[in-house]
1. Right, residue 189: acidic (Asp, Glu), farther than 19 Å from residue 42 by Cβ, surrounded by fewer than 24 Cβ atoms within 10 Å (Cβ to Cβ) and away from the ligand (no atom under 13 Å from the Cβ) or not?
2. Looking at the stretch 276-303, which of its residues are in contact (Cβ under 8 Å) with a residue 60 or more places away in the chain and over 28 Å from residue 100 (Cβ atoms)?
3. Can you tell me which residue among 41, 30, 47 is without any contact (Cβ under 8 Å) to a residue 12 or more places away in the chain and farther than 19 Å from residue 163 by Cβ?
4. Out of the residues in the stretch 194-213 meeting the condition of being closer than 28 Å to residue 26 by Cβ and not β-branched (Val, Ile, Thr), tell me which one is farthest from the ligand (Cβ to nearest atom).
5. Provide a single number: the residues in the stretch 357-402 that are in contact (Cβ under 8 Å) with a residue 40 or more places away in the chain, part of a loop (DSSP other than H, G, I, E, B) and open to solvent by 40 Å² or more (accessible area, probe 1.4 Å).
6. Would you call residue 303 within 16 Å of the ligand (Cβ to nearest atom), at pLDDT 95 or above and out of contact with any Gly (no Cβ under 6 Å at 6 or more places or on another chain)?
7. Which condition number does residue 420 fail, the rest of (1) open to solvent by less than 10 Å² (accessible area, probe 1.4 Å); (2) touching a strand residue (DSSP E or B) at 6+ places or on another chain (Cβ under 7 Å) being met?
8. Tell me, which residue of the stretch 214-226 that is open to solvent by less than 40 Å² (accessible area, probe 1.4 Å) and closer than 27 Å to residue 69 by Cα is nearest to the ligand (Cβ to nearest atom)?
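The values are calculated or read from the model by the stated rules, or taken from the named source; none is laboratory data. These numbers come from a predicted model, not from an experiment. In this analysis, Cβ positions are derived from the backbone assuming ideal geometry, glycine residues included, and neighbour counts consider all displayed protein chains. In case anyone asks, the SASA skips ligands and DNA or RNA and just uses the protein heavy atoms, side chains included. Shrake-Rupley method; radii C 1.70, N 1.55, O 1.52, S 1.80 Å.
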Amino acid sequence: MDPTTLGHRIGGAWRQDGEWTRDTNPADPDQLVARFPMDHDGTVLRDAVAAARAALPEWARTPALQRAEVLFRAGGLIAERAESLAAELCREEGKPIAEARAEVGRASAILRYFAGRAADEIGHVYGSAQHGTRALTLQQPLGVVGVITPWNFPIAIPAWKIAPAIVYGNTVVFKPAEATPLLAARFVEALVDSGMPPGVVNLVFAPGPVTGSALIGPSGVDAISFTGSNAVGRRLEVAAAEAHCKIQLELGGKNAVVVAEDADFDRAVEHVLLGAFGSSGQKCTATSRVIAVGSSYRPLLDRLTAAVAGLRAGDPLDPATTIGPLISADAAARVSSRVAAAVAAGATSLARTDVPDRGWFHPAVLLGDVDPGMAVAREELFGPVLAVLPATDLDEALAVHNSVGFGLSGAIFSRDLATVSRFTHAARVGIVHVNGQTAGAEPHLPFGGMGDSSSWSREQGRAAELFYTQTKTVYLDGLPEAGLFDHTASGR
Ligand code: ADP
């Protein structure tokens with residue numbers, strides 16, 4: 001079979017039922033990247049839930065350290081296949097090759113990290129107010145988990161949801177974004193090639209709305225982990241509440257960097273560029289606002305103007321490219337109209353990079369004279385657009401920083417401990433970076449936001465265990481007290 005003719009993975013088999021759909025290269029939309037079947041009526045999704053349900057008892061009772069072997073091997077296979085996966089990621093999603101390599105490396109690291117977590121304690125032991133009683137807690141699998149992912153990290157986000165789901169004994173129905181079926185299939189292939197038993201992870205290519213109704217309901221999944229837009233996330237949250245389905249949402253961001261007057265401006269500019277224009281701004285943690293305190297405004301603006309003019313848009317496979325295309329024609333048109341509206345509202349376009357004629361490119365844009373009330377300062381753009389806002393002092397900078405509904409990630413550039421400390425505590429975000437870009441996440445650290453950016457739970461690190469397991473409390477009564485509290489076992 002042609003490796004770019006994809007299939008759903010249900011139970012132990014690849015299936016190709018549904019309407020054949022084209023997966024194209026956003027840098028060159030005439031170029032076919034893969035063909036995949038689309039489950040328009042939810043039949044395959046329902047089969048996937050049934051396959052995951054059937055595989056659950058055996059997988060849940062498999063010792064966690066054995067489950068971890070699959071993850072270790074898959075992490076190794078992804079590392080071995082990194083170069084071809086990165087090239088496919090570039091062609092399918094459009095991020096520059098260095099970023100694609102980093103994402104593939106991260107997927108491998110996430111699998112290995114969660115494999116390691118299998119050796120951790122699975123609960124705690126407690127005393128009791130009663131004589132002869134000990135109590136303990138056990139973390140047990142949730143059941144069947146629906147994993148719904150976006151296109152912007154087509155292998156890392158599936159890894160960071162599916163690796164903890166399966167290492168903690170759950171089975172999965174994985175529904176990737178319509179724009180990135182190839183990397184989703186490659187991720188599942190790595191698990192299959194690593195000996196994952198049939199039905200543990202089931203992959204379905206399906207349109208969004210069909211997914212929500214097939215997965216959430218009386219015969220649906222027990223939990224959903226979703227990363228995507230606020231509109232869809234909120235709709236899923238309501239449906240999940242009615243169905244008593246556990247849910248976790250990672251939504252948008254409007255992340256800001258605050259630059260204090262004492263900051264290292266060179267470092268700030270370097271990191272703002274990475275945060276704002278990496279992946280053409282198509283990250284929930286992208287920097288989309290710079291809040292410049294006092295006298296830092298002018299020097300920052302000058303340096304950023306020069307730096308943005310030096311960015312290079314082009315073929316993501318070319319190592320010299322720093323700006324790749326956006327994911328679709330619609331995305332490019334949407335960003336373009338938001339920039340036009342900002343300029344009409346009084347913002348100044350200070351720098352724009354040139355872009356190729358073909359493909360869904362949007363120039364990197366730097367906007368000055370931005371007012372905190374403007375839409376461009378409040379709404380997520382998901383494109384290569386950076387707004388610079390002045391603030392008279394740190395208090396005002398913090399007020400502007402916290403004035404948006406989103407609260408994912410924020411950064412402060414300063415060499416002063418008091419300034420750093422103040423920002424760290426007062427910023428209404430789930431992730432703070434000090435003297436570093438707003439984007440970036442390591443698998444052992446909790447990830448998620450405040451306000452409109454997440455539901456209350458966090459992903460990754462120890463936080464993942466709390467979502468992907470449920471707690472059972474066990475009272476051990478009637479124990480021979482002497483055996484537990486025997487003083488002869490104490491002392492020398
Ligand atoms: P984006 O704007 O980043 O594409 P979306 O929220 O539209 O974000 O999509 C993120 C993921 O959610 C994709 O896999 C998409 O297919 C899926 N999705 C969209 N609508 C629904 C829905 N009603 N129910 C479940 N999943 C959905």
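1. So residue 189 passes the test.
2. If we filter the stretch 276-303 for residues that are in contact (Cβ under 8 Å) with a residue 60 or more places away in the chain, which is where we start, we get 276-294, 297, 300-301.
Within the stretch 276-303, 291, 292, 293, 294, 297, 300, 301 qualify.
3. 30
4. Within the stretch 194-213, the first condition is being closer than 28 Å to residue 26 by Cβ, and the residues that meet it are 201-212.
Now drop any that are not not β-branched (Val, Ile, Thr), which leaves 202-203, 205-209, 212.
On the way: 202: 15, 203: 12, 205: 10, 206: 7, 207: 6, 208: 2, 209: 4, 212: 3 Å.
Here the answer is 202.
5. Residues in the stretch 357-402 being in contact (Cβ under 8 Å) with a residue 40 or more places away in the chain, part of a loop (DSSP other than H, G, I, E, B) and open to solvent by 40 Å² or more (accessible area, probe 1.4 Å): 8 in total.
6. For residue 303, the condition - within 16 Å of the ligand (Cβ to nearest atom), at pLDDT 95 or above and out of contact with any Gly (no Cβ under 6 Å at 6 or more places or on another chain) - is not met.
7. Unmet condition: (1).
8. Among those residues, the one meeting the criterion is 226.
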